[in-house]
There are 2 protein chains.
Amino acid sequence: MKEKLNSILREDRFEHSVNVMECAVKLSVCYKEDPDKAAIAGLLHDCARFLEPEEMLRLCEKLDIITDDVRKENPKLLHDVLGVFFAEKEFGVSDPEILSAIRSHTTGSENMTRLQKIVFLADFIEPGRKFKGVEELRDLAFEDLDKAVLKALDHTIRFVLKKGQLLHMDTVNARNWLLRDINK
Amino acid sequence: MKEKLNSILREDRFEHSVNVMECAVKLSVCYKEDPDKAAIAGLLHDCARFLEPEEMLRLCEKLDIITDDVRKENPKLLHDVLGVFFAEKEFGVSDPEILSAIRSHTTGSENMTRLQKIVFLADFIEPGRKFKGVEELRDLAFEDLDKAVLKALDHTIRFVLKKGQLLHMDTVNARNWLLRDINK
C-alpha cells in the first residue's frame, strides 16, 4: 500500500500520510484500538489527494457519488468521499471501520467511532503540522481522546471562519455531539 | 411600550433595549427600512428577559412552544421565542416582520430579511457593547449591512466556541447562507 500510495501522491502528501499512519498507530495503542486498522486508515486517508479539486468534482459527478452542497462548493473537501472510493477500488480495503475513518477525517461527523476519532486527530497533530496550540493538543491527544478531538473540531471551525469558507454541518454536528457526550 | 417594558425589565436590560431601539432606527434610516418597525423590534427584542432561564424552559413547556434541543439545553436562548410570545400577548404586536426580527435576534437565521439583519446587528453594536473589534463593526454596519452581519455571526460562533456551549444550527445556516449571498 505504501509503495502504491507513494507512486500517486506528491512527496509532501505522501510524507504527511506516513506521519498520520504512525501517529494513528501510537494513538490506537494508547486507546486500545486495532493498530492495523489505524495504520491503514491513517496511511490512506488522503489517497484521493492526487486529484485537483476540479477533477474531484467531475469525478464525483461521473461516479454518481452523492454528496452535499458545501463539499461541492469547496471541492477540495471531496477528497474524503473519493478517498473512500479509491481505498476500496485501488487499495482493496473493505473494512467499514477503516472506510468510515477515511470518510470523516476532514469534517468529523456525529457518532464518530474511536477509530474515526483517532484518524481525525492524527491528521491534526502529526509531527509535520504547525499551528498555535499544536503542542498542547499533542499532549492532550494522549491524555483524553474526546477532549482533544473537541479542541481539534473547534480549531477546524475557527480556521473555516478565518478563511471565509462555508462551515460544514458534519463538523458542527460532530462538535455538538461530542460536547454533549463529554458533559454527560 | 417603553413604560411597560421599563416596569418588567431590570434597569440595565431596559437601557440596552432602548440602545438597540435607537441603533436599529439609525440603521433602518441608512438602509431605507421602516424605522417604526425597527424601533419596535429593537425595543422589544429582549422583552422576555425578565424571566430566569429555568422559568423560560418551564413556560415554553407549559405553552407548548415548539423549539429545539440546543435552545432547551441552553434555555437562556429561549428568550427569543418567548420574546415573540410576549410581544404578541403583552405588547399587542402582530406584524410578522417585527416578530421575526425578535425571533432571530440572538441566533440569526437563514433568509433573514433586512429588518431581521438590522435588529440582529443593532443588538451587537449598540453603544453599551464592549468587545474587541466592536468599533470596526460599528463602522462597517453603516457601510455594508450584509458584511457586518456576517462578521457578527462569525463573532457569535467564536464566542460560543470560547464558552464551550452548543452551536446553534440557525447561526451556522445564517452564516453559510449570507456568505453564499455575498460571494454570489
Quiz prompt | From phi via Karplus (6.51, -1.76, 1.60), per-residue ³J(HN,Hα) for segment A:37-46 in Hz, x at Gly/Pro | solution = 5, 4, 5, 5, 4, x, 5, 9, 4, 9
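For segment B:1-57, with every protein chain kept in place, what is the accessible area per residue (1.4 Å probe, Å²)?
Details: 2890 Å² over 57 residues.
Using a 1.4 Å probe on heavy atoms only, each residue of segment B:1-57 averages 51 Å².
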Practice problem: Place the label 7 angstrom along Cα→C-beta at A:ASP95 and in each other copy, then list the distances from the first to the rest in nm, shortest first. | Solution: 6.3
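So how much accessible surface do A and B hide from each other in total, probe 1.4 Å, in square angstrom to the nearest 100? Kindly include the intermediate steps, with their values, before the conclusion.
Values: alone 9750 and 9770 Å², together 17850 Å².
The contact between B and A buries close to 1700 Å².
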Quiz prompt | Delta accessible area of at least 50 Å² on complex formation, residues of segment B:141-167, 1.4 Å probe, chain isolated as reference | solution = B:ARG158, B:LEU161, B:LEU166, B:LEU167
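Compute the signed sum of charges (Lys and Arg +1, Asp and Glu -1) over the other residues within less than 14 Å, Cβ to Cβ, of B:SER100. Spell out each step's value before the answer.
Numbers: positive: B:LYS37, B:ARG103, B:ARG114, B:LYS117; negative: B:GLU33, B:ASP34, B:ASP80, B:GLU88, B:ASP95, B:GLU97, B:GLU110, B:ASP170.
Taking every other residue near B:SER100 into account, the sum is -4.
How would you order B:175-183, A:132-140 from highest to lowest mean count of nearby Cβ atoms within 10 Å?
Working: B:175-183: 16.4, A:132-140: 13.8.
Order by mean packing, descending: B:175-183, A:132-140.
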Practice problem: With 18 Å as the limit, write out which pairs from B:LYS37/B:LYS117; A:LYS184/B:LYS72; A:LYS162/B:LYS162; A:LYS162/B:LYS72; A:LYS132/A:LYS163 have Cα-Cα distances beyond it, or answer none. | Solution: A:LYS162/B:LYS72
Practice problem: Scale the Cα Rg of segment B:1-111 by the rule-of-thumb value 2.2 N^0.38 Å and send over the ratio, two decimals. | Solution: 1.03
Self-check item: Net lengthening on full extension, B:ASP144/B:GLU88 (0.36 nm per residue, minus Cα-Cα)
Solution: 17.0 nm
Quiz item: B:LYS76: which aspartates and glutamates have alpha carbons under 18 Å from its alpha carbon, excluding same-chain residues fewer than 8 sequence positions away?
Solution: B:ASP12, B:ASP46, B:GLU52, B:GLU54, B:GLU55, B:GLU61, B:ASP64, B:ASP68, B:ASP123, B:ASP170
Quiz item: If contacts are Cα pairs under 8 angstrom and at least 6 residues apart, what is the relative contact order of segment B:2-182 in percent?
Solution: 22
Quiz prompt | Length gained when the stretch B:CYS30-B:LYS162 is fully extended (0.36 nm per residue, less Cα-Cα span) | solution = 44.2 nm
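Over segment B:2-182, what percent of the accessible surface lies on carbon and sulfur atoms, probe 1.4 Å?
On the way: 4250 of 8540 Å².
Roughly 50 percent of what the probe reaches on segment B:2-182 is carbon or sulfur.
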Exercise. For segment A:1-125, give the magnitude of the charge dipole about the Cα centre (Cβ charges: +1 Lys/Arg, -1 Asp/Glu; no others), in debye to the nearest 20.
Key: 200
Practice problem: Work out, in µm²/s and without decimals, the Stokes-Einstein translational diffusion coefficient of segment B:42-184 at 20 °C, 1.002 mPa s, Rh from Kirkwood over C-alpha pairs. | Solution: 137
Self-check item: Approximate shape of the protein assembly as shown as ellipsoid semi-axes (Cα gyration tensor, √5λ), whole Å, largest first
Solution: 45, 21, 17
Self-check item: Cα-projected label distance for A:GLU52 with B:GLU54, points at 7 Å along beta-carbon direction, nm
Solution: 6.1
Quiz prompt | Placed amide H near A:PHE142: partners under 5 Å, 5+ positions off or other chain | solution = none
Practice problem: Enumerate the amide H contacts of A:GLU110 below 5 Å, restricted to partners 5 or more residues apart or on another chain; note that Pro and chain-start residues carry no placed amide H. | Solution: A:ALA174
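The values are calculated or read from the model by the stated rules, or taken from the named source; none is laboratory data. Since the structure is predicted, the reported quantities are computational estimates derived from the model, not experimental observations. Heads up, the Cβs are rebuilt from the backbone with ideal geometry, glycines too, and the neighbour counts pull from every protein chain shown. Accessible surface is based on the protein model in full, side chains and every heavy atom, while ligands, DNA and RNA are left aside. Shrake-Rupley method; radii C 1.70, N 1.55, O 1.52, S 1.80 Å.
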